[in-house]
1. Within region 85-143, what percent of beta bridges assigned by DSSP are antiparallel, to the nearest 5?
2. Just report the Cα centroid separation between region 108-129 and region 1-80, whole Å.
3. So what is the relative contact order for the chain, in percent, with contacts set as C-alpha pairs under 8 Å and at least six apart?
4. Let me know the shape class of region 1-122, please: from the alpha-carbon gyration tensor, a ≥ b ≥ c as square roots of the eigenvalues, rounded when a/c is under 1.5, otherwise prolate if a/b is greater than b/c, or oblate.
5. Give me the percent of DSSP beta bridges within the chain that run antiparallel, rounded to the nearest 5.
6. Only helical DSSP H runs with n ≥ 4 go in: add -39500 (n - 2.57) per run for the chain, normalise by residue count and round the 222 nm mean residue ellipticity to 500 deg cm²/dmol.
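No value in this document is a laboratory result; all are computed from the given coordinates. It should be emphasised that the depicted structure is a prediction, and the values quoted were computed from it without experimental measurement.
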Ligand SMILES: CC(C)(COP(=O)(O)OP(=O)(O)OC[C@H]1O[C@@H](n2cnc3c(N)ncnc32)[C@H](O)[C@@H]1OP(=O)(O)O)[C@@H](O)C(=O)NCCC(=O)NCCS
């Protein structure tokens with residue numbers, strides 16, 4: 001999907017750039033995937049899985065495929081040229097589910113608490129609101145992810161369901177996944 005790059009100000013006064021990633025970002029995207037997977041238990045992967053699953057060429061192909069897609073959007077946020085985080089928006093194609101969009105987001109830890117998460121999510125919500133026929137945005141968060149939950153609630157999402165024991169950590173800890181939804185105001 002198309003997206004016109006834009007900038008916004010962080011809570012510390014620095015400027016952030018929001019844009020589509022491109023092939024030249026593939027290496028930074030792989031680093032980002034590994035880093036974020038190691039910084040929190042609340043994402044769906046461990047760092048070593050990133051090395052097994054992704055390659056530079058594979059990442060370039062993923063970036064190109066998503067940029068060319070009419071149903072998926074991936075946005076990257078850069079601060080002082082460094083990749084701070086990525087968010088995704090996915091629209092459904094099926095007749096019975098195309099009123100629902102899904103979102104996901106993760107930032108590198110040193111860029112938490114600067115307002116990037118809220119800014120990126122607001123951007124995705126605005127895009128979903130403009131898409132014909134989309135009535136609801138959904139997402140999932142893992143048990144214990146208070147920061148994410150607080151951000152989503154602030155943006156109008158509410159918990160709508162639970163997937164018990166959806167995640168098992170290496171030490172055997174089981175975590176629920178919670179489903180959240182936000183109904184969209186249609187213009
Ligand atoms: C969750 C995440 C995307 C939030 O992004 P962020 O840029 O840090 O969030 P923001 O700075 O925009 O803050 C969003 C809100 O979170 C809440 N918040 C911030 N710090 C918090 C804390 N320590 N505890 C609870 N809530 C907190 C506040 O409501 C804040 O809004 P406010 O600043 O207007 O009061 C980010 O922390 C992240 O990438 N975490 C790791 C990956 C992850 O958990 N992804 C989500 C998976 S569902």
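1. On the way: 7 of 10 bridges.
Within region 85-143, antiparallel bridges account for around 70 percent of the total.
2. 13 Å
3. Values: 316 pairs, mean separation 32.0, N = 187.
That works out to 17 percent.
4. Values: a/c = 1.43, a/b = 1.13, b/c = 1.27.
Cα axes put region 1-122 in the rounded bin.
5. So the antiparallel bridges amount to about 90 percent of the total.
6. Numbers: 5 runs with 58 residues, N = 187.
It lands at -9500 deg cm²/dmol.
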